[in-house]
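As C-alpha coordinates, the structure follows; a few thoughts come after it.
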Amino acid sequence: MSHNNSNPQDDTVKNKERRKFLGIAVGVINIALIGAIVGPVLGFVASPLKRRKKGEWVAVLDDSHLAPGDVKDVSFTMRIRDGFQDVDRQYTVFLRKSDDGVVCIDPACTHLGCRVKYQSDQHRFLCPCHGGVFNQDGDVVSGPPPRPLDKHPVKVEGGKIWIYKEV
Ligand code: FES
(Lines give C-alpha, C1' and ligand atoms only; values in the text may rest on other atoms or scores of the structure.)
Protein backbone atom coordinates (compact mmCIF):
# COMPACT_ATOMS: atom_id res chain seq x y z
CA MET A 1 0.00 0.00 0.00
CA SER A 2 1.37 3.34 -0.95
CA HIS A 3 0.92 6.60 0.82
CA ASN A 4 0.83 9.93 -0.78
CA ASN A 5 2.62 12.13 1.73
CA SER A 6 2.43 15.37 -0.24
CA ASN A 7 0.52 18.23 1.21
CA PRO A 8 -2.37 19.34 -1.11
CA GLN A 9 -1.58 22.97 -0.39
CA ASP A 10 2.02 22.45 -1.61
CA ASP A 11 0.69 20.84 -4.79
CA THR A 12 -1.51 23.84 -5.55
CA VAL A 13 1.42 26.21 -5.11
CA LYS A 14 3.63 24.02 -7.34
CA ASN A 15 0.92 23.82 -10.01
CA LYS A 16 0.51 27.56 -9.99
CA GLU A 17 4.25 28.02 -10.39
CA ARG A 18 4.35 25.44 -13.18
CA ARG A 19 1.50 27.18 -15.01
CA LYS A 20 3.19 30.53 -14.60
CA PHE A 21 6.46 29.13 -15.99
CA LEU A 22 4.67 27.52 -18.94
CA GLY A 23 2.84 30.76 -19.64
CA ILE A 24 6.12 32.69 -19.75
CA ALA A 25 7.77 30.02 -21.91
CA VAL A 26 4.90 30.07 -24.43
CA GLY A 27 5.05 33.88 -24.49
CA VAL A 28 8.79 33.86 -25.21
CA ILE A 29 8.36 31.28 -27.98
CA ASN A 30 5.55 33.33 -29.54
CA ILE A 31 7.64 36.49 -29.54
CA ALA A 32 10.56 34.60 -31.13
CA LEU A 33 8.26 33.15 -33.82
CA ILE A 34 6.68 36.52 -34.60
CA GLY A 35 10.16 38.08 -34.81
CA ALA A 36 11.33 35.33 -37.15
CA ILE A 37 8.40 35.95 -39.50
CA VAL A 38 7.92 39.72 -39.26
CA GLY A 39 11.65 40.63 -39.24
CA PRO A 40 12.48 39.43 -42.76
CA VAL A 41 9.17 40.81 -44.13
CA LEU A 42 9.93 44.27 -42.70
CA GLY A 43 13.50 44.04 -44.02
CA PHE A 44 12.20 43.22 -47.51
CA VAL A 45 9.64 46.04 -47.49
CA ALA A 46 12.15 48.60 -46.18
CA SER A 47 15.01 47.56 -48.46
CA PRO A 48 14.27 50.08 -51.25
CA LEU A 49 14.31 52.85 -48.64
CA LYS A 50 17.73 51.73 -47.40
CA ARG A 51 19.09 51.53 -50.94
CA ARG A 52 17.70 54.94 -51.92
CA LYS A 53 20.40 57.40 -52.86
CA LYS A 54 20.26 60.82 -51.30
CA GLY A 55 21.32 62.56 -54.48
CA GLU A 56 24.10 62.85 -56.99
CA TRP A 57 26.14 65.26 -59.05
CA VAL A 58 24.92 65.65 -62.63
CA ALA A 59 26.67 67.48 -65.48
CA VAL A 60 23.94 69.66 -66.97
CA LEU A 61 25.66 72.11 -69.35
CA ASP A 62 28.98 73.07 -70.92
CA ASP A 63 30.28 76.03 -68.95
CA SER A 64 31.01 77.84 -72.23
CA HIS A 65 27.28 77.79 -73.06
CA LEU A 66 26.36 80.09 -70.19
CA ALA A 67 27.44 83.69 -70.60
CA PRO A 68 27.91 86.00 -67.59
CA GLY A 69 24.57 87.56 -66.68
CA ASP A 70 22.62 84.81 -68.45
CA VAL A 71 19.82 82.74 -66.96
CA LYS A 72 19.15 79.49 -68.75
CA ASP A 73 16.84 76.58 -68.06
CA VAL A 74 18.33 73.13 -68.49
CA SER A 75 16.65 69.75 -68.39
CA PHE A 76 18.32 66.50 -67.49
CA THR A 77 17.37 62.94 -66.66
CA MET A 78 18.28 61.03 -63.55
CA ARG A 79 17.82 57.34 -62.89
CA ILE A 80 16.20 57.06 -59.50
CA ARG A 81 14.87 54.26 -57.36
CA ASP A 82 11.09 54.52 -57.08
CA GLY A 83 9.76 51.84 -54.75
CA PHE A 84 11.05 48.58 -56.18
CA GLN A 85 12.05 49.78 -59.64
CA ASP A 86 14.57 52.12 -61.28
CA VAL A 87 12.94 54.84 -63.35
CA ASP A 88 14.26 57.73 -65.43
CA ARG A 89 12.93 61.05 -64.21
CA GLN A 90 13.32 64.38 -65.95
CA TYR A 91 14.11 67.54 -64.02
CA THR A 92 14.50 71.17 -65.04
CA VAL A 93 16.48 73.83 -63.19
CA PHE A 94 17.63 77.38 -63.93
CA LEU A 95 21.32 78.24 -64.11
CA ARG A 96 22.47 81.80 -63.63
CA LYS A 97 26.01 83.02 -64.09
CA SER A 98 27.01 86.06 -62.08
CA ASP A 99 30.29 87.57 -60.91
CA ASP A 100 30.14 85.20 -57.93
CA GLY A 101 29.92 82.13 -60.15
CA VAL A 102 27.10 79.85 -61.24
CA VAL A 103 23.93 79.51 -59.22
CA CYS A 104 21.36 76.76 -59.71
CA ILE A 105 17.78 77.78 -58.94
CA ASP A 106 14.93 75.33 -58.52
CA PRO A 107 11.83 76.21 -60.56
CA ALA A 108 9.31 75.13 -57.89
CA CYS A 109 7.57 78.17 -56.44
CA THR A 110 7.90 78.26 -52.67
CA HIS A 111 4.23 79.18 -52.29
CA LEU A 112 2.44 76.09 -53.59
CA GLY A 113 4.98 74.52 -55.91
CA CYS A 114 3.94 75.78 -59.38
CA ARG A 115 6.76 76.01 -61.90
CA VAL A 116 8.08 79.54 -62.28
CA LYS A 117 9.01 81.01 -65.67
CA TYR A 118 11.96 83.28 -66.33
CA GLN A 119 11.19 86.59 -68.03
CA SER A 120 14.51 87.66 -69.50
CA ASP A 121 13.26 91.11 -70.53
CA GLN A 122 12.38 91.88 -66.90
CA HIS A 123 15.16 89.83 -65.30
CA ARG A 124 12.75 88.06 -63.01
CA PHE A 125 10.97 84.79 -62.33
CA LEU A 126 7.18 84.88 -62.44
CA CYS A 127 4.91 82.25 -60.97
CA PRO A 128 1.84 81.75 -63.20
CA CYS A 129 -0.38 80.45 -60.39
CA HIS A 130 -0.75 83.40 -58.00
CA GLY A 131 1.59 86.00 -59.47
CA GLY A 132 4.58 85.46 -57.18
CA VAL A 133 7.63 87.37 -58.44
CA PHE A 134 11.28 86.56 -57.70
CA ASN A 135 14.37 88.46 -58.82
CA GLN A 136 17.24 86.89 -60.79
CA ASP A 137 18.76 85.51 -57.60
CA GLY A 138 15.48 83.84 -56.66
CA ASP A 139 14.64 86.29 -53.86
CA VAL A 140 10.98 87.20 -53.37
CA VAL A 141 9.99 90.56 -54.88
CA SER A 142 6.22 90.37 -54.45
CA GLY A 143 3.25 88.07 -54.09
CA PRO A 144 2.49 85.20 -51.71
CA PRO A 145 5.74 83.15 -51.78
CA PRO A 146 7.07 82.97 -48.20
CA ARG A 147 10.75 82.48 -49.05
CA PRO A 148 13.28 82.59 -51.92
CA LEU A 149 13.41 79.88 -54.56
CA ASP A 150 15.46 76.85 -53.48
CA LYS A 151 19.03 76.49 -54.75
CA HIS A 152 21.06 73.40 -55.55
CA PRO A 153 24.82 73.06 -54.99
CA VAL A 154 26.87 73.79 -58.11
CA LYS A 155 30.43 73.10 -59.21
CA VAL A 156 32.28 73.75 -62.45
CA GLU A 157 34.63 70.93 -63.33
CA GLY A 158 36.16 69.72 -66.58
CA GLY A 159 34.48 72.55 -68.49
CA LYS A 160 31.04 71.42 -67.34
CA ILE A 161 28.51 72.79 -64.90
CA TRP A 162 27.51 70.16 -62.38
CA ILE A 163 24.63 70.39 -59.99
CA TYR A 164 23.90 68.27 -56.97
CA LYS A 165 20.32 67.10 -57.13
CA GLU A 166 18.66 65.41 -54.22
CA VAL A 167 16.22 62.67 -55.13
S1 FES B 1 2.25 78.81 -56.30
FE2 FES B 1 3.52 80.43 -56.90
S3 FES B 1 2.55 82.18 -56.15
FE4 FES B 1 1.28 80.57 -55.52
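Data for the structure
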item	result
Across Lys54/Lys165; Lys117/Lys165; Lys72/Lys160; Lys54/Lys97; Lys117/Lys155, pairs whose alpha-carbon gap is larger than 18 Å	Lys117/Lys165; Lys54/Lys97; Lys117/Lys155
Heavy atoms of Glu17 accessible to a 1.4 Å probe, total area in Å² rounded to 10	120
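The values are calculated or read from the model by the stated rules, or taken from the named source; none is laboratory data. Computed from a predicted model, the values in this text were never measured in an experiment. Heads up: the accessible areas ignore ligands, DNA and RNA and are worked out on the full protein's heavy atoms, side chains in. Shrake-Rupley method; radii C 1.70, N 1.55, O 1.52, S 1.80 Å.
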